[in-house]
């Protein structure tokens, strides 16, 4: 009898997790999922699938150094929108972030840092980047741009919040 009770409890808890995860994804309305596409001011609407994929890929390839939008190796340069906008070239849109993940440069854009920062160009040094496709990079970039809308100022806020 105890065994069946435990199984029933496990099944209920598991099924609740499935429904809760779906409800959270459904809360992201189209306005929230719309992010800047390029420097010309065009926007793009991320699908719920792209958001979920971006989250998973970010956690896989980026979160070791960029947990919650901070940069562990340089706390002064995070992934919050203000910092991305102040970069040269600006990294505040999807296309610019994808370009950065291919060919990373310093915040001022002067030096290439592919040997220090994971990128598709340095995939022999950073194996997690080897199999990321253009769509994967777009999903990661979309996730990064979406987070300030979802998390607010906590994204990139560092020790003040975590």
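Readers should treat all values here as calculations from the given coordinates under stated rules, not as data from a laboratory. What you see is a predicted model; the values in this text were computed from it and never measured. We place every Cβ from the backbone using ideal geometry, glycine too, and count neighbours over all the protein chains shown.
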*What length, rounded to one decimal in nm, is gained on full extension from residue 88 through to residue 72, with 0.36 nm per residue of separation minus their alpha-carbon distance?*
3.7 nm
*Run the quick spin-label model on residue 48 and residue 7: label points 7 Å from Cα toward the beta carbon, then report their separation in nm to one decimal.*
3.2
*If you rank 143, 100 by fewest surrounding Cβ atoms within 10 Å, what's the result?*
100, 143
_Inter-site label distance for residue 113 and residue 39 at 7 Å from Cα along Cβ, in nm_ = 1.9
*Virtual spin-label span in nm between residue 59 and residue 29, 7 Å along Cα→Cβ*: 2.7
*Across all directions of projection, what mean area in square nanometres is found for the Cα convex hull of the range 30-160?*
7.4
*What residues from the range 125-162 fall in the zone where the backbone N is under 17 Å from a label point 7 Å along the Cα-to-C-beta line of residue 102?*
129-142
